[in-house]
Amino acid sequence: GWGLTNESKRVLGDSAHFQNGDCHHPHISMTDGKYDGKYLFIDELANSRVARIRLDIMKCDKITTIPNVQAIHGLRLQKVPHSKYVLCNAEFIIPHPNDGSSFDITGDNAFTMYNAVDAETMEVAWQVIVDGNLDNSDMDYTGRFAASTCYNSEKATDLAGMMRNERDWVVVFDIPAIEKEIKAKRFITLGDSKVPVVDGRKKDGKDSVVTRYIPVPKNPHGLNTSPDGKYFIANGKLSPTCTMIAIDKLPDLFAGKLKDPRDVVVGEPELGLGPLHTTFDGRGNAYTTLFIDSQLVKWNLEDARRAYKGEKVDYIRQKLDVRYQPGHNHASLTETSEADGKWVVVLSKFSKDRFLLTGPLHPENEQLID
């Protein structure tokens, strides 16, 4: 009866006319970097929505449509001091206004945005215009920085175009700086929306006050924060590497004290083909899914950092075959500061076996690893 009753129509709100959905990335609210059990948030890619589920009654109580963007993909929550913001990537570059009058996505009026939803009111708090596109996101354990991967710095519309540059980037957002811009009324609005929009693009080679762009090997996908709060890990996808970004170096990057944005990179281990997402055990090891190799690779963070400095050290601890084509993976409590290192679940995309038979679908299989 969902969508038919008055209660569910009220929850659907202005998105009641959509007949489909495409959910990604469920995440539980936090206080001081630990789960507080209050809400679960989940994004919906097809129609650019975010839903909130109350965990005390296990029901969805609010759905918000994000204005002026297309495809919310990659949702994370503020971890510290609490989940004030639900942070949402919008994946696709679109023309503005997106009313069919222009299909050119190469000009200044074509862009996507990083979006923040107020976790309590479920209203969109602010949006930030970015260069390139956005894919996956995460937040640090200080409450200051969030970061997102970009795989289409070229603003291309075809596969060859999106793969042209040897490097794309990770864009880092300074949350207090964004709030300061809005408080100072240095923002615009778009279309019918009243949501404040801050411009986070580079202009004439100069950085915006709210963003920094860190070049990383081509077409990065997942972006994961280590539970010790030290690193953002950008996963290579079309590069066999992951890029370790030292979060404690980001204040200097924003303060203009570093000559090169790559100075915040402290490791770039070569792991295998198709790194998509990384999780952690809280004991100093990372676990990255390799989509092409169909493996989970265990590697040591500090050894990878030593290798980047030129030491001859093997940072890879183990590779485990999984079936098949793993994407996301999650270790127990690993998205909090309480990662316990007990279990990792690997989500296998093509686990229906080698052939997609006609007729009823085979089940999708996840794998639980000790």
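The values are calculated or read from the model by the stated rules, or taken from the named source; none is laboratory data. Predicted model, so just to flag it, every value in this text is computed and none were measured. In this analysis, Cβ positions are derived from the backbone assuming ideal geometry, glycine residues included, and neighbour counts consider all displayed protein chains. For the accessible areas, the whole protein counts, side chains as well, though only heavy atoms, and no ligand, DNA or RNA atoms are used. Shrake-Rupley method; radii C 1.70, N 1.55, O 1.52, S 1.80 Å.
Overview of results
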item	result
Reach of Lys183 by Cα under 18 Å, taken over aspartates and glutamates that are not fewer than 8 positions away in the same chain	Asp118, Glu123, Asp174, Asp199
GNM top mover of Asp99, Asp140, Asp252 - the chain, alpha-carbon springs below 10 Å	Asp99
With all protein chains modelled, accessible area of Leu273 [1.4 Å, Å²]	90 Å²
Sorted peptide list for 239-247, 108-116, criterion being average Cβ within 10 angstrom, highest first	239-247, 108-116
Lys, Arg +1 and Asp, Glu -1 on Cβ, resulting dipole of the chain about Cα centre, debye, nearest 20	380 debye
Under 19 Å from Lys257, Cα to Cα: lysines that are on another chain or at least 8 residues apart	Lys202, Lys206, Lys249
Solvent-accessible ranking of Ile63, Ile72, largest area first, probe 1.4 Å	Ile63, Ile72
Choice from Ser153, Ser337, Ser15 showing the highest fluctuation, given a GNM over the chain with Cα pairs closer than 10 Å	Ser15
³J(HN,Hα) computed for each position of the stretch 71-76 - Karplus, 6.51 cos²θ - 1.76 cosθ + 1.60, integer Hz, glycine/proline x	6, 6, 9, x, 10, 9
Of Gly256, Gly100, Gly132, the one that fluctuates the most in a GNM where the chain has Cα springs shorter than 10 Å	Gly100
Sequence of Lys9, Lys79 from largest to smallest accessible area, 1.4 Å probe	Lys9, Lys79
Taking the chain and dividing mean pair separation by its residue count, relative contact order in percent (alpha carbons under 8 Å, at least six apart)	9 percent
Solvent-accessible area of Leu55 with every protein chain in place, 1.4 Å probe, in Å² to the nearest 10	40 Å²
Solvent-accessible heavy-atom area per residue, rounded to whole Å², over the chain at 1.4 Å	47 Å²
Candidate residues Phe103, Phe291, Phe232: accessible-area rank, largest first, probe 1.4 Å	Phe103, Phe291, Phe232
Asp138 long-range amide H proximity, modeled H, under 5 Å	Ala147
Qualifying trypsin sites (Lys or Arg not before Pro) in the stretch 248-289, DSSP loop, other Cβ atoms within 10 Å at most 13	Lys257, Lys259, Arg283
Percent carbon-and-sulfur accessible area, the stretch 6-268, ignoring ligands, DNA and RNA, probe 1.4 Å	51 percent
